[in-house]
Amino acid sequence: MDDRAFWIAFNRVPGIGPTRLTALLEQCGDIATAWKAPLRTLQAAGLDRRSIENLLTARKQLDPAVELAQVNRRGYGVFCWDDRGYPTSLRKIPQPPPVLYVRGRLEEQDELAVAIVGTRQVSAYGREVARELGSELARHGVTVVSGLALGVDAVAHQAAVEAGGRTIAVLGSSVDQIYPARNRRLALQIIEQGALVSEYPLGTKPEASNFPPRNRIISGLSLAVVVVEAGRRSGALITASFAAEQARDVFAVPGSILSPGSEGCNRLIQDGAFPVTSIGDLLESLQLANVAAHQEARVAVPASPEEELVLQHISTEPQHMNEIMRAAPLGHSEVSSLLAMMELKGLVRQVGLMQYVRAK
């Protein structure tokens with residue numbers, strides 16, 4: 001059976017998130033064995049009583065093959081931790097989603113992406129800024145990421161679409177439950193020029209508790225997060241916080257000190273976020289003024305003796321980073337940095353948790 005079936009099945013088990021699933025995989029070795037593991041193995045993996053009960057119940061109620069067939073029948077994509085198509089940038093964040101459902105398509109160029117987020121109650125000023133940023137990023141070949149919400153999110157998505165660029169919307173519901181309904185037409189346009197993505201299993205409604213966690217995916221898919229307009233309690237500030245934790249750059253558009261809608265942005269700048277006064281600020285800071293140059297950096301040839309040394313110890317069979325480090329031999333931080341750069345260039349691929357193979 002296709003392993004994706006078991007990933008999807010686990011995704012429907014309450015209480016089995018990235019941390020517990022990692023523990024299960026370490027204990028069992030692979031996802032199929034984890035799904036079928038006996039009670040003593042589940043206990044050895046450190047699962048608590050409630051999680052074990054939820055899993056045992058799910059086994060009785062779910063047929064993994066049926067779950068996968070349902071996704072395939074609708075033509076949706078499914079990417080799991082060990083899939084080649086799982087976004088590289090997202091894989092590197094703390095607790096990446098074990099399963100990512102996709103309507104549309106993800107492409108290699110989406111690794112050069114910037115998130116634009118902000119308030120739903122966007123002002124005329126914020127609307128113009130979001131439109132300008134979304135449009136210009138798209139024209140420069142940068143994928144625009146946001147959350148499909150009303151306000152800043154929708155303006156940024158629409159601007160990217162109209163500029164003929166790519167855009168990705170991360171949902172707080174499943175990909176078959178488009179929310180808000182007012183943005184349904186926009187969502188269909190996004191599917192044509194990018195993707196709708198979600199970590200939530202099919203049929204998941206847009207409950208309030210779903211939105212804060214999805215913000216870590218918005219930032220995780222992006223090189224940087226730009227907050228256009230945000231009040232003191234705006235959800236966009238949660239995205240900015242995740243970005244900082246993920247070592248992504250945080251940018252904020254300054255606004256009037258008299259505008260409540262700019263209070264969050266001005267505070268971010270006060271706390272160290274980069275102020276955005278023009279699209280040039282953003283492109284220059286992220287070195288995205290010439291995306292073609294970034295594409296050239298992906299040419300698959302080792303750029304240094306160290307890269308060549310690491311590449312000698314990577315084959316078509318998955319190798320753990322620790323094995324590569326011992327074989328090279330180089331320090332942990334140096335090998336980690338080299339692998340990240342080689343992955344960007346297309347020399348190697350990460351096919352599991354710290355597992356690497358040659359890309360060609």
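Data for the structure
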read-out	value
Sites L39 and R73 - FRET efficiency at Förster radius 35 Å, r taken between beta-carbons, to 0.05	0.55
Per-pair calculated FRET efficiency, R0 = 30 Å: R182 and A247 via Cβ, rounded to 0.05	0.30
Summed residue charge, Cβ within 15 Å of A208's Cβ, Lys/Arg positive, Asp/Glu negative	+3
Most to least packed among 165-171, 316-322, 22-28 [average Cβ atoms within 10 Å]	165-171, 22-28, 316-322
Dipole in debye (nearest 20) - the chain, about Cα centre, beta carbon charges: Lys, Arg +1; Asp, Glu -1	1260
Alpha-carbon centroid distance for the pair the stretch 210-287 / the stretch 176-207, whole angstrom	23
Reciprocal of mean inverse Cα separation for the stretch 150-243 (Kirkwood radius, Å)	13.7
Of Y356, I324, S336, farthest towards positive along the dipole that unit charges on Lys, Arg, Asp, Glu beta carbons give the stretch 297-358	Y356
Using distinct alpha-carbon pairs, which all enter the 1/r mean, Kirkwood radius of the chain in Å	21.4
Footprinting exposure proxy for E229, E245 (fewest neighbouring C-beta atoms within 10 Å first)	E245, E229
Environment charge at F6 (Cβ cut-off 10 Å; Lys +1, Arg +1, Asp -1, Glu -1)	-2
Calculated [θ] (222 nm, deg cm²/dmol) that DSSP helices of n ≥ 4 give over the chain, each run adding -39,500 (n - 2.57)	-13000 deg cm²/dmol
Förster-model FRET efficiency, 22 Å R0, S256 and S285, C-beta, rounded to 0.05	0.40
Proximal aspartates and glutamates relative to K60, as straight alpha-carbon distance under 20 Å, when same-chain residues fewer than 8 apart are discounted	D2, D3, D48
Global geometry of the stretch 184-223, whether rounded, prolate or oblate, following the gyration tensor of its Cα atoms and the 1.5 cut on a/c	oblate
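Just so you know, all these numbers are worked out from the coordinates, no wet-lab data involved. Just so you know, these numbers come straight off a predicted model, no measurement behind them. We place every Cβ from the backbone using ideal geometry, glycine too, and count neighbours over all the protein chains shown.
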